[in-house]
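These notes are about the structure you will find just below.
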Amino acid sequence: MDALKNWQPRRHAQQAAHHVFEQLRDDILSTTLAPGTALSRQALQKQFGLSSTPIRDALMRLEEAGLVDVFPQSGTVVSLIDVPMAREAQFLRRSIELEAVRTLASSPDAGIVRDLRAVIAEQRNHAKAGDLERFNDADLMFHKILYDAAGAPELWALVRRQSVHIDRIRRLHLPVRGKVAQIIRDHTAIVAAIADGAPDRAQTELRNHLSQSLAFSSELRARFPAYFKE
């Protein structure tokens, strides 16, 4: 009985820490919490209505994920964007997705093509509504479908874990004039190549698509110098 009494508070604390982690992770990746932002444990306790333990555990998980830096004498800050690490994540993602689209285009499946086109339709709707958050969610779903359809869902999870820095570059790039329309055009071209059974074309379209945000990083760095690591 004592063990059960002790287990329930621990379970609640774990769930609370997970909720805080997910909320802060989303805020950091969307740059709602900008790189370099100081995070006060006391303020987070008040914001989430929680004790110090789940906040501490959530911040530890964020540190492990590379989303925050913890300085013993000066507190916790949202990590700065590291462009070399973003390049590594992009290299990983590009390598996997090139093989994924080749696999899918080598044996086109009408159901997969239909699912991808449905996501593109969602993106168009979100773009018209000016909802960049939901547009970004649909963007991620588009790429997740590629991994799932190619039989590599665990690789998607791996890529997501490694994408802390490139995701924030992409998110800063998203509001730039013409970027949303370009993503829709790119996705449409990738799906057309898959549907046509054209593996080489699918890879070319994907390679061009994934190169855009990292190529724009110099302009973003000039616009947001405090967000980037030296």
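Can we say residue 219 is surrounded by 16 or more Cβ atoms within 10 Å (Cβ to Cβ), out of contact with any Pro (no Cβ under 9 Å at 6 or more places or on another chain) and in the same structural domain as residue 173 (by TED's automatic domain parsing)? Show your work before the answer.
On the way: surrounded by 16 or more Cβ atoms within 10 Å (Cβ to Cβ): no; out of contact with any Pro (no Cβ under 9 Å at 6 or more places or on another chain): yes; in the same structural domain as residue 173 (by TED's automatic domain parsing): yes.
The answer is no for residue 219.
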In segment 145-191, anything outside any helix (DSSP H, G or I), small (Gly, Ala, Ser) and surrounded by 14 or more Cβ atoms within 10 Å (Cβ to Cβ) is listed as 150, 152, 163
Apart from one, (1) of a type in the set (Val, Ile, Thr); (2) within 14 Å of the chain's Cα centre (by Cα); (3) closer than 17 Å to residue 206 by Cβ all hold for residue 119; the odd one out is (2)
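Go through segment 56-82 and count every residue that is part of a helix (DSSP H, G or I) and either small (Gly, Ala, Ser) or more than 15 Å from the chain's Cα centre (by Cα) (or both). Even if it seems obvious, please write down each step before you answer.
Keep residues of segment 56-82 that are part of a helix (DSSP H, G or I), which gives 56-64.
Okay, now just the ones that are also either small (Gly, Ala, Ser) or more than 15 Å from the chain's Cα centre (by Cα) (or both), so 56-61, 63-64.
The number of residues fulfilling the criteria is 8.
Check segment 124-131 and report whether any residue there is outside any helix (DSSP H, G or I), free of Cβ contacts under 8 Å to residues at least 24 places away in the same chain and on the phi > 0 side of the Ramachandran plot.
Residues of segment 124-131 that are outside any helix (DSSP H, G or I), as a first pass: 130-131.
Filter once more, keeping what is free of Cβ contacts under 8 Å to residues at least 24 places away in the same chain: 130-131.
Within this subset, residues satisfying the condition of being on the phi > 0 side of the Ramachandran plot are 130.
Within segment 124-131, one or more residues are outside any helix (DSSP H, G or I), free of Cβ contacts under 8 Å to residues at least 24 places away in the same chain and on the phi > 0 side of the Ramachandran plot.
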Within segment 121-132, residues being over 19 Å from residue 189 (Cβ atoms) and either of a type in the set (D, E, K, R) or surrounded by fewer than 16 Cβ atoms within 10 Å (Cβ to Cβ) (or both) number 5
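Determine if segment 8-23 includes at least one residue that is surrounded by fewer than 13 Cβ atoms within 10 Å (Cβ to Cβ), modelled with pLDDT under 90 and either under 23 Å from the mean Cα position of the chain (by Cα) or under 17 Å from residue 164 (Cβ atoms) (or both).
First pass over segment 8-23, keeping only residues surrounded by fewer than 13 Cβ atoms within 10 Å (Cβ to Cβ): 8-12, 15, 22.
Subset that is modelled with pLDDT under 90: 8-12, 15.
Cutting the leftovers down to either under 23 Å from the mean Cα position of the chain (by Cα) or under 17 Å from residue 164 (Cβ atoms) (or both) gives us 15.
Yes: one or more hits.
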Exercise for the section: Answer yes or no: is there a residue in segment 97-120 that is surrounded by fewer than 17 Cβ atoms within 10 Å (Cβ to Cβ) and under 14 Å from residue 164 (Cβ atoms). Expected result: no
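The values are calculated or read from the model by the stated rules, or taken from the named source; none is laboratory data. All values derive from a computational prediction rather than experimental measurement. We place every Cβ from the backbone using ideal geometry, glycine too, and count neighbours over all the protein chains shown.
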